[in-house]
1. Using square roots of five times the C-alpha gyration tensor eigenvalues, list the equivalent-ellipsoid semi-axes of the stretch 149-254 in whole Å, biggest first.
2. Taking the Cβ-Cβ separation of residue 226 and residue 95 as r and a Förster radius of 35 Å, what is the calculated FRET efficiency to the nearest 0.05?
3. How large is the direction-averaged shadow of the alpha-carbon convex hull of the stretch 108-198, in nm²?
4. Obtain the nm distance between the two label points defined at residue 75 and residue 175 by a simple spin-label model: each point lies 7 Å from its Cα along the Cα-to-C-beta direction.
């Protein structure tokens, strides 16, 4: 089992470098076909109560919008072309154009035929347009594909060599573990951790994560398992602390085990982790 098609969503030049670096590191392991995608969206016009736009103003806004996209797409393509020249795995550049102001429907058209999607983290980023900030979450919820989210500031040399798996026997966590198998099988170390397991009376809490570890070991994964308590931390912070103690370069976990609306209002492990993401995370829903 290996990833044969990886799609990297590259929305801007600022995040493209780290996104491409992570995607290339994964593609290199199996000689996967790497697709770089830039989406040119339609212009957004925000109306206030007293706003008035004449034809000339609208034309100016459209020209400026198109110029920004042309500049960004050219910069991103130059970075992609440089990577393609340096690598031996096959690369494919895609420039998509949509009249919609929302890029996600167009991204979904491309990523549903991929084995893995890689994108930058914009969740909780106050500098990003609110319509774009939720892109990683929407891809997780709608793509039906595992998504590797790359945080701002990440500049690691490896991804998937030392992995912390956050497991809790949910459907989402189980899917994430097996979606990550191509990486886990090639990892030097994998640590499966179950934070705050809810077990019945008489059940052995210390062995809660053992069954998934045994299953992974049958696939040839070099894996250990433990149980953690969150204590005064949130579950998300406990997972991050475990990953840091492990020296991990990747976290694997399920995404949005509860209804999305409930997670948005009350918070949740997925949302907490994305809002303070310190290292790449592979998530599945």
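FYI, it's all coordinate maths here, none of it is from the lab. The shown structure was predicted, so the numbers you read here are calculated from the model rather than taken from an experiment. Cβ atoms come from the backbone with ideal geometry, glycine included; neighbour counts cover every protein chain shown.
1. On the way: eigenvalues 95, 60, 26 Å².
After scaling each eigenvalue by five and taking roots: 22, 17, 11 Å.
2. On the way: r = 46 Å, r/R0 = 1.31.
After rounding to 0.05, the efficiency reads 0.15.
3. Numbers: hull surface 29.8 nm².
Its average projected convex-hull area is 7.5 nm².
4. 3.5 nm
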